[in-house]
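Peer 1: I'd like to ask some things about the structure below.
The values are calculated or read from the model by the stated rules, or taken from the named source; none is laboratory data. Values in this document were obtained by computation on a predicted structure and should not be read as measured data. Every residue, glycine among them, receives a Cβ derived from its backbone with ideal geometry; neighbour counts consider all protein chains shown. Please note that ligands, DNA and RNA were not included when accessible areas were found on the heavy atoms of the full protein model with its side chains. Shrake-Rupley method; radii C 1.70, N 1.55, O 1.52, S 1.80 Å.
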Amino acid sequence: MSEVGLAVVGVTACNQQLGLHPFNIVGEKYLLAIADATQAWPLVIPSLGHCPAEVVLSRLDGILFTGSPSNIEPHHFDGPASEAGTHHDPKRDATTLPLIHAAIKAGVPVLGICRGFQEMNVAFGGSLHQRLHEVGGFIEHREDKTAPVEEQYGLSHEVKIEPGGLLHDAWGRSSAEVNSVHTQGVDRLGVGLRPEAYANDGLIEAFSVKDAKNFALGVQWHPEWKVLDNAFYTAVFKAFNEACQHRAASRVK
Ligand SMILES: N[C@@H](CCC(=O)NCCCC(=O)O)C(=O)O
C-alpha cells in the first residue's frame with residue numbers, strides 16, 4: 001500500500017442486478033491500482049444516471065473511468081443498433097459521458113481505461129467499431145473467455161507509441177506490450193483527441209485530449225492489471241498520480 005498523499009481519485013462504478021436488488025459495483029483491481037500505484041485514495045462514483053459534476057469535481061483530484069463488460073449504447077455515437085442481447089449500462093453512459101466533459105473543463109486529471117477510453121472517444125464525438133472481429137483487417141483484440149484470468153489479462157500485442165505525447169513522456173520508449181480485453185474499438189476518433197498509441201493493425205489504442213488543462217489520457221488496454229508487476233502499466237499510473245497530487249496540493253492551499 002503506497003502512502004496516501006493528498007489526492008482523492010474518483011473511480012466510476014457500473015450497474016448490476018444481484019439477486020433482488022440493483023447494485024453499483026467497481027472492479028477491485030481499479031481500486032487497488034489507485035491505492036497501491038499512486039499516492040491517492042480511491043472514492044467510488046456511483047453510476048446513477050446523473051451526477052452533480054461541479055460539486056463532485058470540486059472535491060476530487062482525479063477521475064478514473066473504468067472498464068466494463070457492458071457496451072456504450074450505440075445511439076450515443078449514431079451507430080447501428082447493437083446485436084440482440086448486448087449488455088448495456090445506460091445509467092453509466094448517462095453518468096460518465098457528461099462527467100468526462102465536466103472533468104476536462106474543470107481541469108481535473110482524467111484516466112480512461114478500456115470502456116472508459118471508449119467513453120472519452122464518444123464524449124468527444126467519436127464512434128466505435130462495435131464488433132472489431134467482424135470488420136476485417138484487425139488482429140484479435142478479444143480475450144479468450146475460456147482461459148484463466150491471468151491469461152485473459154496477460155500480454156497480448158504490441159502498441160507503437162507516438163513521440164511527443166503524454167504516453168511517450170511517461171514511458172520514454174516507442175513501443176510496449178499490452179493486454180487486450182475488448183470487442184469494440186475506435187472507429188472515428190473524437191474531435192480534439194490526439195492519438196498516443198496504435199496497435200500494429202492500425203487500431204488507435206490510446207489518445208490524449210489536445211487542449212486539456214491537465215492530464216487527460218485514455219488507453220484501450222488494462223494498466224490496472226497487476227499494475228506493480230509491469231513497468232509500463234506502473235508508468236501510466238505514475239504519470240496520472242503526478243497530475244492528481246499536483247491538483248491536490250493546489251486545492252489544499
Ligand atoms: N465492453 C467494451 C469495453 C471492454 C472492457 O472495458 N472490458 C473490461 C472487462 C472487465 C474489466 O476488466 O473491468 C468492449 O467490449 O470493447
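Peer 1: When the Karplus curve 6.51 cos²θ - 1.76 cosθ + 1.60 is applied with θ = phi - 60°, which whole-Hz ³J(HN,Hα) does each residue of region 138-150 get, with x for Gly and Pro?
Peer 2: Running phi through 6.51 cos²θ - 1.76 cosθ + 1.60 with θ = phi - 60° gives 10, 5, 6, 9, 7, 7, 7, 5, 8, 7, x, 4, 4 Hz.
Peer 1: Could you list the trypsin sites (Lys or Arg not before Pro) in region 45-104 that lie in coil according to DSSP, counting only those with at most 12 other Cβ atoms within 10 Å of their Cβ?
Peer 2: Values: sites: Arg59, Lys91, Arg92; in loops: Arg59.
Answer by residue number: Arg59.
Peer 1: Ok, one more. Could you name the lysines in cross-link range of Lys210, using Cα to Cα under 23 Å and dropping any fewer than eight places away on the same chain?
Peer 2: By straight Cα distance, Lys210 reaches Lys105, Lys160, Lys238.
Peer 1: Could you work out the helix-only [θ] at 222 nm for the chain, with each DSSP H run of four or more residues adding -39,500 (n - 2.57) and the total divided by the number of residues, to the nearest 500 deg cm²/dmol?
Peer 2: On the way: 7 runs with 74 residues, N = 253.
It comes out at -8500 deg cm²/dmol, rounded to the nearest 500.
Peer 1: 5 Å is the cut-off here: which amide hydrogens, built 1.01 Å from N in the peptide plane, fall below it relative to Gly67, excluding neighbours closer than 5 in sequence?
Peer 2: Residues meeting the criterion, in which the H sits 1.01 Å from N, are Ile113, Arg115, Gly116.
Peer 1: Calculate, for the chain, the solvent-accessible area per residue in square angstrom, rolling a 1.4 angstrom probe over the heavy atoms of the protein chains.
Peer 2: Numbers: 11390 Å² over 253 residues.
Value returned for the chain: 45 Å² of accessible area per residue.
Peer 1: Here's something else I'd like to know. Which whole-number percent gives the relative contact order of the chain, counting Cα pairs below 8 Å spaced six or more residues apart? Working shown, then result.
Peer 2: Working: 558 pairs, mean separation 55.2, N = 253.
Over the chain, the number comes to 22 percent.
Peer 1: Nearest 0.05, what FRET efficiency do Ser82 and Glu242 give at R0 = 51 Å with Cβ-Cβ as r? The partial results should precede the final answer.
Peer 2: On the way: r = 38 Å, r/R0 = 0.75.
That gives a FRET efficiency of 0.85.
Peer 1: Here's a follow-up. In whole Hz, with x marking every Gly and Pro, tabulate ³J(HN,Hα) for region 152-163 from phi via Karplus 6.51 cos²θ - 1.76 cosθ + 1.60, θ = phi - 60°.
Peer 2: These are the phi-based 3J(HN,Hα) values: 4, 9, x, 5, 10, 7, 7, 10, 8, 9, 5, x Hz.
Peer 1: Taking 0.36 nm per residue of sequence separation and subtracting the Cα-Cα distance, how much length would be gained by fully extending the chain between Ala102 and Leu18, in nm to one decimal? Walk me through the numbers on the way to the answer.
Peer 2: Numbers: separation 84, 0.36 × 84 = 30.24 nm, distance 3.08 nm.
Stretched fully, the Ala102-Leu18 segment lengthens by 27.2 nm.
Peer 1: Could you sort 96-102, 235-241 so that the peptide with the highest average Cβ count within 10 Å comes first and the rest follow in order?
Peer 2: On the way: 96-102: 20.0, 235-241: 22.7.
The densest-packed peptide leads the list: 235-241, 96-102.
Peer 1: For region 50-163, which whole percent of the accessible surface, found with a 1.4 angstrom probe, sits on carbon and sulfur atoms?
Peer 2: On the way: 2790 of 5070 Å².
So the carbon and sulfur contribution to the accessible surface is 55 percent.
Peer 1: Next question, about the same structure. Please identify the longest segment of the chain free of exposed GluC sites (Glu not before Pro), where exposed means a DSSP state other than H, G, I, E or B and no more than 16 other Cβ atoms within 10 Å. Walk me through the numbers before you get to the answer.
Peer 2: On the way: sites that count: Glu3, Glu83, Glu140.
By the stated rule (loop sites, at most 16 other Cβ atoms within 10 Å), 141-253.
Peer 1: Something else about it: Once phi is turned into ³J(HN,Hα) by the Karplus curve 6.51 cos²θ - 1.76 cosθ + 1.60 with θ = phi - 60°, what whole-Hz value does each residue of region 221-238 show in order, with x for glycine and proline?
Peer 2: Working through the residues one at a time gives 7, 10, x, 6, 5, 6, 3, 7, 8, 10, 4, 5, 5, 4, 5, 5, 6, 5 Hz.
Peer 1: How high is the FRET efficiency between Leu43 and Asp201 when r is their beta carbon distance and R₀ equals 30 Å, given to the nearest 0.05? Don't skip to the answer; put the middle values down first.
Peer 2: Numbers: r = 37 Å, r/R0 = 1.23.
Using R0 = 30 Å, I get an efficiency of 0.20.
Peer 1: Quick one: which residues, 5 or more positions from Ala197 or on another chain, have an amide H under 5 Å from its amide H? H modelled 1.01 Å from N in the peptide plane, none for Pro or chain starts.
Peer 2: Under 5 Å from the amide H of Ala197 lie the amide H atoms of Glu162, Glu205, Ala206, each far enough along the sequence or on another chain.
Peer 1: Just for region 1-152, what percent of DSSP beta bridges are antiparallel, to the closest 5?
Peer 2: Working: 5 of 17 bridges.
Of all bridge pairs located within region 1-152, approximately 30 percent are antiparallel.
Peer 1: So if R0 is 25 Å, what FRET efficiency would Lys160 and Glu28 give, r being the distance between their Cβ atoms, rounded to the nearest 0.05? Display every interim value, and only then the final one.
Peer 2: Details: r = 31 Å, r/R0 = 1.24.
Computed FRET efficiency for Lys160 and Glu28: 0.20.
Peer 1: Trp221's amide H: which non-local residues (gap 5+, or another chain) put their own amide H closer than 5 Å, with H modeled 1.01 Å from N in plane and none for Pro or chain starts?
Peer 2: Residues meeting the amide H criterion: Cys114.
Peer 1: While we're here: Select from Gln39, Phe65, Gln130 the residue farthest towards the positive end of the dipole of the chain; place +1 on Cβ of Lys and Arg, -1 on Cβ of Asp and Glu, and compute about the Cα centre.
Peer 2: Projecting each Cα onto the dipole axis, the largest value belongs to Gln39.
Peer 1: Would you please state which residues of region 79-95 a label at Arg188 would reach in this model, taking the label point 7 Å out along Cα→Cβ and a backbone N cut-off of under 16 Å?
Peer 2: 79-81, by backbone N distance to the label point.
Peer 1: Does the chain come out rounded, prolate or oblate, given a ≥ b ≥ c as the square roots of the eigenvalues of its C-alpha gyration tensor, rounded meaning a/c under 1.5 and, failing that, prolate meaning a/b above b/c?
Peer 2: Details: a/c = 1.35, a/b = 1.14, b/c = 1.19.
Taking the square roots of the gyration eigenvalues as a ≥ b ≥ c, the chain is rounded.
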